[in-house]
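*Asks:* The structure's right below; bear with me while I get my questions together.
The values are calculated or read from the model by the stated rules, or taken from the named source; none is laboratory data. Quick caveat: nothing in here was measured; it's all calculated off a predicted structure. Heads up, the Cβs are rebuilt from the backbone with ideal geometry, glycines too, and the neighbour counts pull from every protein chain shown. With ligands, DNA and RNA removed, areas are computed over all heavy atoms of the protein, side chains included. Shrake-Rupley method; radii C 1.70, N 1.55, O 1.52, S 1.80 Å.
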Amino acid sequence: RFQKPLTLILGANGSGKTTIIECLRMATTGKLPPSSGHGSSFIHDSKLSGVPEVKGEIKLKFEDVSGKQIVITRHFQAANKKKGGATPTYNQLEANIQDKTSGRTATHKCSEVDSLIPLQMGVSPAVLEHV
């Protein structure tokens, strides 16, 4: 849980500090980290484990501007369509927004969620994109 007014993320090299920030950005904006190779290295590379596809998700719980508990979940897939040295294809499959107060869950296109989250958080999209 992040505390107000400031949270520091400390740790040794390679402990995941940058990954936390990249996941927060991905959960709130839908934008991939610049070093992710168009998403192929954002989730586990399926070539490394010898499987045709790997699925992943990011889940973020926060309070919206009205104080309601919201959970956003984004689902991803990286797949090797061809054998050999082909670059895995990366897709955002869907995003769910759950209102924990009412218990309602809605599945949206990822582009719709990208525009809804800044409104629910009460911040400009630019603030979330440039964290």
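*Asks:* If we keep just the residues of the stretch 42-64 that are open to solvent by 30 Å² or more (accessible area, probe 1.4 Å) and charged (D, E, K, R), which is modelled with the lowest pLDDT?
*Replies:* Result: 45.
*Asks:* Let me ask something additional. Whether any residue in the stretch 65-72 is over 17 Å from residue 107 (Cα atoms) and either among the hydroxyl-bearing types (Ser, Thr, Tyr) or modelled with pLDDT under 75 (or both) is what I want to check.
*Replies:* Just the residues of the stretch 65-72 that are over 17 Å from residue 107 (Cα atoms), to begin with: 65-68.
Those left that are additionally either among the hydroxyl-bearing types (Ser, Thr, Tyr) or modelled with pLDDT under 75 (or both): 66.
Yes, that holds for at least one residue.
*Asks:* A further question on this structure: So is residue 120 modelled with pLDDT of 80 or more and assigned to a helix (DSSP H, G or I) or not? Let's see the steps before the verdict.
*Replies:* Details: modelled with pLDDT of 80 or more: yes; assigned to a helix (DSSP H, G or I): yes.
Judged against the criteria, residue 120 is a match.
*Asks:* Follow-up question, since we're still on this one. List the pairs whose first member sits in the stretch 101-112 and is within 14 Å of residue 61 (Cα to Cα), whose second member is among the basic types (Lys, Arg) and open to solvent by 50 Å² or more (accessible area, probe 1.4 Å), and whose Cβ atoms are under 7 Å apart, counting only residues at least 6 apart or on separate chains?
*Replies:* Partner pairs satisfying both residue conditions: 101/68.
*Asks:* Does any residue of the stretch 73-95 turn out to be open to solvent by 60 Å² or more (accessible area, probe 1.4 Å) and at pLDDT 75 or above?
*Replies:* Scanning the stretch 73-95, I find no residue that is open to solvent by 60 Å² or more (accessible area, probe 1.4 Å) and at pLDDT 75 or above, so the answer is no.
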